[in-house]
Amino acid sequence: MILIALILLETAVAEDAKPPRPNILFAFADDWGRHASAYAALEGSGSMNDAISTPSFDRVAREGVLFRNAFVTAPSCTPCRSSLLSGQYFWRTGQGAILQGAEWDSKIPSYPLLLHKAGYHIGETYKVWTPGKPADAPYGAGRHAYESAGRKLNQFSQNVTRMVRQGKSMAEAKQLLFDEVMQNFNDFLEDRPESAPFCYWFGPTLVHRKWVKGSGKDLWGIDPNILKGKMPAFLPDVPEVRQDMADYFGEIQAFDTALGMLLKRLETMGELDNTLVVVSGDHGAPGFPNGKCSLYDFGTSVPLAVRWGGIKGGRVVEDFINLMDLAPTFLEAAGEKVPRVMTGRSFVGALKSGQSGWVDADRNWVVTGRERHVAMARKGRTPYPQRALRTSDFLYIVNFKPDRWPMGDPYHWNLEQRPTLKELTEQTFVTYADLDASPTKAWLFAREKDSKWKWHFDMAFGKRPFAELYDLREDPDQVTNLAESAKYASVRGSLHERLMGILRDTNDPRVTQSIPVFERPPFAGE
């Protein structure tokens, strides 16, 4: 009896000694590319990030880890989120691999439901994974949504501007929207079972278009002129495009302000240090060339900062992270088994290492890809299939169907007349529908025949060859294709073989099927 009592006592002591399972706060902004003031500090003067201020993101980075090389698997919201939830490449998620017409395969494990099964209180506000049938959705779709205070934050500049016109001060109008954020979060916390850890997804869509023109300066004091001389080579450095970018940055700053309020709430509760805080975005900027829906860095590179009490802060890590790595990371941090089907790799080791720079020498590449974004972008609902291998020195892209238009067909096939500039600013589907409507899109379209800007127009909308190769050491903006250069022939061959091997090993239908599933209904076809 004494022996049994001692064993029970030792077991109880061991259980008490275990650290509590961490809460998880995942703040994930629609269409937020790698733009934050924490990166400006690393890039030196002359960066676009000089124009943006993100103190909350910077705090997470300063008190935790800032990742310099974080990428999405696909620069389109649904496949990116399907990949993130499942911890797998998007081409392994069935109809989750496409935006319109997507449905979730309930046989695919998703990390929130695995955590829920393990005793976590899970919830989300705004957007997680919205297409498909609610019963099949892996997370959200009303089942764990906390939005009783509303969803007005999603149209931040529109709602602030409207309230100011109705007589409220700018500060009052903003505060009403941030009060909505806090009420939704408080509802989630109040619904939490006693002593249960939580997993909360904060996913507003305000960084997604549309925004009020001039709101970056009017609401946040972002002077578009700060961007002069700092635009990447593929974007026209003109007032209209600089203002469009400043407005985009304004929405990011609104997201960052809301993030700061969530952090403060956790700090007040005394739970911040037992919360794994992860902040990121689902792909690059919408309505700008080479951003959303492209495999250049401007489309696939995203911010990533992680704070977790107990890990050494103030570190910058170079390891390449693919956002599908988040699912196994969350599961490992929670002490749960990672399903073998997940192709993502946990980076808990890098977080706990205390190291800066390169922590895991094997994390020196990512693979990204794309199939269908807007269903009606091309006749026959066909995708634009691409895969890319990104290393420290090179970006190699394969365009499997170079005869198709990357951003969609010129003009919608039901239109007989060229779209107006107003339509190009407001209606995505009138032409090149995989590039969101925007002032930048309209500005470029107005200069289609202007020899001074023809290169920019072709870079935005023109067809691409089968292979693209960019030497990032000489060409960080990725505008000079070296795929046909004899000097780079061996590099191209090596990267191609490596990319195809990864695709075969992960059972990508684009290379393992003679007629890929992505070329058949419901992925394609009338």
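Results, tabulated for the structure shown:
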{"read-out": "Number of positions in the stretch 421-447 that are crowded, with 20+ Cβ neighbours inside 10 Å, farther than 22 Å from C77 by Cα and either among the acidic types (D, E) or within 24 Å of the chain's Cα centre (by Cα) (or both)", "value": "0"}
{"read-out": "Tally, over the stretch 390-411, of residues that are more than 29 Å from A437 (Cβ to Cβ) and not hydroxyl-bearing (S, T, Y)", "value": "2"}
{"read-out": "Count of residues meeting criterion [in contact with a Pro (Cβ under 9 Å, 6 or more places away or on another chain) and either aliphatic (A, V, I, L, M) or closer than 14 Å to K217 by Cα (or both)] in the stretch 254-270", "value": "2"}
{"read-out": "Qualifying residue in the stretch 289-308 (condition: more than 30 Å from S157 (Cα to Cα) and of a type in the set (D, E, K, R))", "value": "no"}
{"read-out": "Among the residues listed as R372, R345, R418, R387, the single one being within 30 Å of F445 (Cα to Cα), of a type in the set (K, R), under 19 Å from the mean Cα position of the chain (by Cα) and not in a strand (DSSP E or B)", "value": "R372"}
{"read-out": "Qualifying residue in the stretch 123-145 (condition: at pLDDT 90 or above, polar (S, T, N, Q) and surrounded by fewer than 16 Cβ atoms within 10 Å (Cβ to Cβ))", "value": "no"}
{"read-out": "Tabulated pairs, the stretch 435-448, first without any contact (Cβ under 8 Å) to a residue 40 or more places away in the chain, second assigned to a loop (DSSP other than H, G, I, E, B), C-beta under 7 angstrom, 6+ apart or interchain", "value": "R447/W453"}
{"read-out": "The stretch 190-217, residues that are out of contact with any helix residue (DSSP H, G or I) (no Cβ under 7 Å at 6 or more places or on another chain), touching a residue at least 40 places away in the same chain (Cβ under 8 Å) and either assigned to a loop (DSSP other than H, G, I, E, B) or within 25 Å of Q155 (Cα to Cα) (or both)", "value": "D191, R192, P193, A196, P197, W201, G203, H208, R209, K210"}
{"read-out": "In the stretch 355-377, the residues that are buried (at least 23 other Cβ atoms within 10 Å of the Cβ) and more than 12 Å from F320 (Cβ to Cβ)", "value": "G369, R370, E371, R372, H373, A377"}
{"read-out": "Pair list, Cβ < 6 Å and 6+ apart or interchain, from the stretch 327-355 residues that are within 15 Å of L85 (Cβ to Cβ) and at pLDDT 95 or above to residues that are among the polar types (S, T, N, Q) and surrounded by fewer than 19 Cβ atoms within 10 Å (Cβ to Cβ)", "value": "T343/T506"}
{"read-out": "Residue that is nearest to P406 (Cα to Cα) [pool: residues in the stretch 460-485 that are among the hydrophobic types (A, V, I, L, M, F, W, C) and in contact with a helix residue (DSSP H, G or I) (Cβ under 9 Å, 6 or more places away or on another chain)]", "value": "F461"}
{"read-out": "Residue within the stretch 456-472 that is within 29 Å of K210 (Cβ to Cβ) and in contact with a strand residue (DSSP E or B) (Cβ under 7 Å, 6 or more places away or on another chain) present", "value": "yes"}
{"read-out": "Residues of the stretch 378-401 satisfying the condition of being among the small types (G, A, S) and crowded, with 18+ Cβ neighbours inside 10 Å", "value": "A388"}
{"read-out": "Residue within the stretch 253-275 that is modelled with pLDDT of 95 or more, closer than 25 Å to A446 by Cβ and within 20 Å of the chain's Cα centre (by Cα) present", "value": "no"}
{"read-out": "Residue ranges of helices (runs of 4 or more DSSP H) in the stretch 448-526 with at least 2 members within 28 Å of the chain's Cα centre (by Cα) and closer than 13 Å to I397 by Cα", "value": "489-505"}
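The values are calculated or read from the model by the stated rules, or taken from the named source; none is laboratory data. Because the structure is a prediction, the values reported are computed rather than measured. Virtual Cβ from ideal backbone geometry, glycine too; neighbours counted across all protein chains shown.
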